Amino acid sequence: MPTVRELAALYDNVMVPPRLGPGVCRTCFTFTDGYDQCYACSTTQPWLDAMAAISYSVAGEQLHHALAGYKRLPRQVARRLTIQLAAVLWRHLEDHETCLAARTGIARFDVVTTVPSGLKQRDDRHALRELVGTICGPTKERYQRLLERTDAQAGEHDFDGRKYAALARLRGQTVLLVDDTWTTGASAQSAACALKRAGAGPVAALVIGRHLKRDWRENDARLRRLPQPFDPDTCVHCGLPASLASSPQWQRQ
Ligand SMILES: [Zn+2]
Ligand SMILES: [Zn+2]
C-alpha cells in the first residue's frame, strides 16, 4: 500500500503553487492586470474570511482532468482519482492547515464541510463528500454535511445567498469549507453566506485547484515562473506575519 505522501507526490509534476504578489488577486490568486483583486472577487460579496488553493488548475491540463474526472468517470477510475486527490488534500492539511487558520485569524477549524454541487441533481451523490468526509484523515473526524443545494434558480457559477440551505444551526463554530475547484468563487461565497446565516463563526475555503486559462494574457509566462516541481513544504499563506494573520472585525461569540 502506498503512503499518503507517495500518492500525493504523483501530482507534484502537474501542480503549480499560487504565490501572492503584484498582479495576483489577494483573495483567489488569479493573475490580474496589476490590480490587487480580480474582477470577480471585487464584485462578489466577501462572505469568506480567507481562501487557500493548493495549486492552480489549468484548463485542459492534468489536474483539471483529475478534478473533473473523480466525479464523472466510470467508477473504478473515479475511485482511484478520489483516493489520489484525497492524499493531496491530506498532505496539504497536515502541513498547512495552521497557515490557513492563522490567515483566518483563528487557532483551528472546529468543523469541516464541503461546497455542495451547483447543480441540484448532482448534490445527492457528491464524490467530494466522500473524499473529505470518509477518506481524508485530517478532515473525516470533523466532517459534517452542513449545506444542501436548494431549488433556487441560480446558475452553477453565480453568487446567490439562497443557493444553499444550512442543514444545522451553528453556534459560532469555525468552519473549513472544502471544494475541489475555484472558478469565480461564487459557489464558495454563496456557501459561506449560508453558513454565516446559520450561525457560523469565521469560514475559510480551501480548494485543490484554482482554475485558470493558460492562453489568457500573460498567464503562460506567469505560470512558468512559479516553482516547479511543486514544493509541498510551502503554501500560499506560509510565513504570513502574525500582524496580518488576525481578523479584528470578528470576535468569538
Ligand atoms: Zn480573485
Ligand atoms: Zn503553509
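Restricting the range 60-80 to residues that are assigned to a helix (DSSP H, G or I), among the hydrophobic types (A, V, I, L, M, F, W, C) and surrounded by fewer than 20 Cβ atoms within 10 Å (Cβ to Cβ), which is nearest to ligand 1 (Cβ to nearest atom)? Reasoning before the result, please.
As a first pass, look at the range 60-80 and keep what is assigned to a helix (DSSP H, G or I): 62-72, 75-80.
With among the hydrophobic types (A, V, I, L, M, F, W, C) added as a condition, the list becomes 63, 66-68, 77-78.
Subset that is surrounded by fewer than 20 Cβ atoms within 10 Å (Cβ to Cβ): 68, 77-78.
Numbers: A68: 21, V77: 32, A78: 30 Å.
For the range 60-80, the residue satisfying everything is A68.
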Residue check, V24 of a type in the set (V, I, T) and within 17 Å of R217 (Cβ to Cβ)
yes
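Quick one: would you say A102 is assigned to a helix (DSSP H, G or I) and touching a residue at least 24 places away in the same chain (Cβ under 8 Å)? So that I can check it myself, show each step before the final result.
On the way: assigned to a helix (DSSP H, G or I): yes; touching a residue at least 24 places away in the same chain (Cβ under 8 Å): yes.
Spelling it out, A102 is indeed assigned to a helix (DSSP H, G or I) and touching a residue at least 24 places away in the same chain (Cβ under 8 Å).
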Of the residues in the range 91-123 that are within 13 Å of the chain's Cα centre (by Cα) and hydrophobic (A, V, I, L, M, F, W, C), the one that is farthest from ligand 2 (Cβ to nearest atom) is V115
Among (1) surrounded by fewer than 16 Cβ atoms within 10 Å (Cβ to Cβ); (2) within 26 Å of G172 (Cα to Cα) - the single one A102 does not satisfy
(1)
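Considering only residues of the range 103-162 that are among the polar types (S, T, N, Q) and at pLDDT 95 or above, which is nearest to W47 (Cα to Cα)?
Here is the first cut: in the range 103-162, the ones among the polar types (S, T, N, Q) are 104, 113-114, 117, 121, 134, 139, 144, 150, 153.
Applying the additional criterion that residues be at pLDDT 95 or above yields 104, 113-114, 134, 139, 144.
Working: T104: 12, T113: 16, T114: 15, T134: 27, T139: 22, Q144: 20 Å.
Across the range 103-162, the extreme among qualifying residues is T104.
Check whether at least one residue in the range 15-26 is within 13 Å of ligand 1 (Cβ to nearest atom), assigned to a helix (DSSP H, G or I) and touching a Cys at 6+ places or on another chain (Cβ under 7 Å), and report yes or no.
First, the residues of the range 15-26 that are within 13 Å of ligand 1 (Cβ to nearest atom): 18, 20, 23-26.
Next cut, assigned to a helix (DSSP H, G or I) only: none.
No, the range 15-26 contains no residue that is within 13 Å of ligand 1 (Cβ to nearest atom), assigned to a helix (DSSP H, G or I) and touching a Cys at 6+ places or on another chain (Cβ under 7 Å).
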Pairs where the first residue, in the range 199-228, is free of Cβ contacts under 8 Å to residues at least 24 places away in the same chain and the second is assigned to a loop (DSSP other than H, G, I, E, B) and of a type in the set (K, R), C-beta under 7 Å, 6+ apart:
D220/R214
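Are any residues in the range 33-45 surrounded by fewer than 18 Cβ atoms within 10 Å (Cβ to Cβ) and either of a type in the set (V, I, T) or near ligand 1 (Cβ under 10 Å from one of its atoms) (or both), and if so, which ones? Working first, answer last.
Filtering the range 33-45 for residues surrounded by fewer than 18 Cβ atoms within 10 Å (Cβ to Cβ) gives 33-37, 39, 42-43, 45.
Matches in the range 33-45: Y35, D36, Q37, Y39, S42, T43.
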The range 1-21 residues that are on the phi < 0 side of the Ramachandran plot, paired with ones that are of a type in the set (A, V, I, L, M) and part of a loop (DSSP other than H, G, I, E, B) (beta carbon under 8 Å, 6 or more apart):
V16/L226; P17/L226; P17/V236; P18/L226; P18/V236; R19/L226; R19/V236; L20/V236
Output the residue which, of all residues in the range 46-59 that are among the aliphatic types (A, V, I, L, M) and in a loop (DSSP other than H, G, I, E, B), is farthest from ligand 1 (Cβ to nearest atom).
A59
Pair list, Cβ under 7 Å, 6 or more apart: the range 32-59 residue over 20 Å from A221 (Cα atoms), other residue assigned to a loop (DSSP other than H, G, I, E, B) and of a type in the set (S, T, N, Q)
A40/T184; C41/T27; D49/S247; M51/T27
Among the residues of the range 13-30 satisfying the criterion of being surrounded by 22 or more Cβ atoms within 10 Å (Cβ to Cβ) and of a type outside the set (A, V, I, L, M, F, W, C), which is farthest from ligand 2 (Cβ to nearest atom)?
T30
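The values are calculated or read from the model by the stated rules, or taken from the named source; none is laboratory data. Every value quoted in this text rests on a predicted model; they were computed, and no experiment measured them. Neighbour counts run over all protein chains shown; Cβ positions are idealised from the backbone, glycine included.
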